[in-house]
1. Using a Gaussian network for the chain with springs between C-alpha atoms less than 10 Å apart, which of these wobbles most: Asp98, Asp68, Asp165?
2. Can you give me the long-range amide H partners of Gln143? Hydrogens built in the peptide plane at 1.01 Å from N, cutoff under 5 Å, separation of 5 or more residues or another chain.
3. Cα axis of helix 11-20 to longest principal axis of the chain: angle in degrees, 0 to 90, nearest 10?
4. Based on the mean of other beta carbon atoms within 10 Å per residue, what is the order of 180-186, 141-147, 11-17, most packed first?
5. Ignoring ligands, DNA and RNA, what percent of the accessible area of the chain is carbon or sulfur (1.4 Å)?
6. Relative contact order (percent) for the chain, with alpha-carbon contacts under 8 angstrom and 6 or more residues of separation?
7. For helix 40-59, report the angle its Cα long axis makes with the longest principal axis of the Cα atoms of the chain; keep it between 0 and 90° and round to the nearest 10°.
8. At 222 nm, what value in deg cm²/dmol follows for the chain if DSSP H runs of at least 4 each add -39500 (n - 2.57) and the sum is divided by all its residues, to the nearest 500?
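The values are calculated or read from the model by the stated rules, or taken from the named source; none is laboratory data. This structure is a prediction, so every number in the text was calculated from the model and none was measured. Heads up, the Cβs are rebuilt from the backbone with ideal geometry, glycines too, and the neighbour counts pull from every protein chain shown. Surface areas here come from the heavy atoms of the whole protein model, side chains and all, with no ligands, DNA or RNA. Shrake-Rupley method; radii C 1.70, N 1.55, O 1.52, S 1.80 Å.
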Amino acid sequence: MSVQPKSYLTPEKYLEIERAAPFKSEYYAGEMFAMAGASPEHNDIMVNLSMALAPQVRRAGCKLFVADMRVHVPETDFFAYPDGIVVCNPHYADSPKDTLLDPGLIIEILSPSTEAYDRGTKFAFYRKLPSLKYYLLVSQETQRVELFSKNEQGDWVLSEYAGNDAVIHIQSPNLALRIPLSEIYEGVVA
């Protein structure tokens, strides 16, 4: 019995296909992986997060991107679409300005089908980005958020937040964010 070899896509071919596709796909090691749709809770949480973050990010002169901005990790040729990105002084991979190289904060909203990937492989790739200082994982099943922060020594430190009264504080030279969990989960999770 013979096995059909997988066809290898170059990153350039991936971008060509992806930019013309009606749906989003991530890329790694020559393969494209179609992304699943989001639940209503996922969408509600991202809207709430956007509303909470946008004014703070704008005041700092930074940018907030939601869902449709691709991130490229050049060291591994990994391309992904985080749920949210905050970047100050963005650098793009090329002229369409649809692929970021230097996110400072990446947000992923956890779902049962993607949680292990978001915590494991995806975070391992993201950590290779020198610009990344914060990785925010948001549960859509309970009021629980995990913030991974890169310290001065380059180690990732976990801070956990739970419950309606918890408030996330992110402090960097360019940016100061205050995000109450009550705002993230308003109308979503009791």
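1. Of the options given, Asp165 has the highest mean-square fluctuation.
2. Under 5 Å from the amide H of Gln143 lie the amide H atoms of Gly163, each far enough along the sequence or on another chain.
3. Computed tilt is about 70 degrees.
4. Answer by packing, highest mean first, reads 180-186, 141-147, 11-17.
5. The value for the chain is 53 percent carbon and sulfur by accessible area.
6. Taking the mean separation of contacting Cα pairs over the length of the chain, I get 16 percent.
7. Its long axis makes an angle of about 70 degrees.
8. -6500 deg cm²/dmol
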